[in-house]
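Structure first, commentary second.
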Amino acid sequence: MTDATTRDWVAHTKGLLRGEMVKRQISYAGLVEKLAAIGIKETEANLRNKISRGGFTGAFLVQCLVAMGVTTLRLED
């Protein structure tokens, strides 16, 4: 996998997460609260950095989606 391909997937993944946040009108602070409710402790600053960099695991993505109440995720338009 080339660096360009890796960056495309990273951008796509963080776009999916940000898109779900926007769709549900959930701020970073709101997501921190929702994650805490399911036992995941994050600071707002750490969450912003993770999402901004796109440097998070698949498990973290699923935790965020579950915390936000996402039951269906559309991967393509």
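The values are calculated or read from the model by the stated rules, or taken from the named source; none is laboratory data. No experiment lies behind these values; they were computed from the predicted model shown. Cβ sites come from the backbone with ideal geometry, for glycine too, and all protein chains shown count toward neighbours.
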| message | With the structure loaded, tell me whether Gly19 is at pLDDT 90 or above, out of contact with any Lys or Arg (no Cβ under 8 Å at 6 or more places or on another chain) and part of a helix (DSSP H, G or I) or whether it fails that test. | response | yes
| request: Considering only the range 18-52, state which residues are touching a residue at least 24 places away in the same chain (Cβ under 8 Å) and either surrounded by 12 or more Cβ atoms within 10 Å (Cβ to Cβ) or under 25 Å from Asp8 (Cβ atoms) (or both). | output: Arg18, Glu20, Met21, Arg24, Ile26, Leu31, Lys34, Leu35, Ile40, Ile51, Ser52
| said: Can you go through Arg7, Arg48 and tell me which one is of a type in the set (D, E, K, R) and modelled with pLDDT of 95 or more? | reply: Arg48
| Looking at Leu75, is it modelled with pLDDT of 90 or more and aliphatic (A, V, I, L, M)? | no
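Do you know which of the residues in the range 51-69 that are among the small types (Gly, Ala, Ser) and part of a helix (DSSP H, G or I) is nearest to Gly39 (Cα to Cα)? Walk me through how you get there before you give the answer.
If we filter the range 51-69 for residues that are among the small types (Gly, Ala, Ser), which is where we start, we get 52, 54-55, 58-59, 67, 69.
When the remaining residues are screened for being part of a helix (DSSP H, G or I), the result is 52, 58-59, 67.
On the way: Ser52: 22, Gly58: 17, Ala59: 14, Ala67: 10 Å.
Looking at residues that are among the small types (Gly, Ala, Ser) and part of a helix (DSSP H, G or I), I get Ala67.
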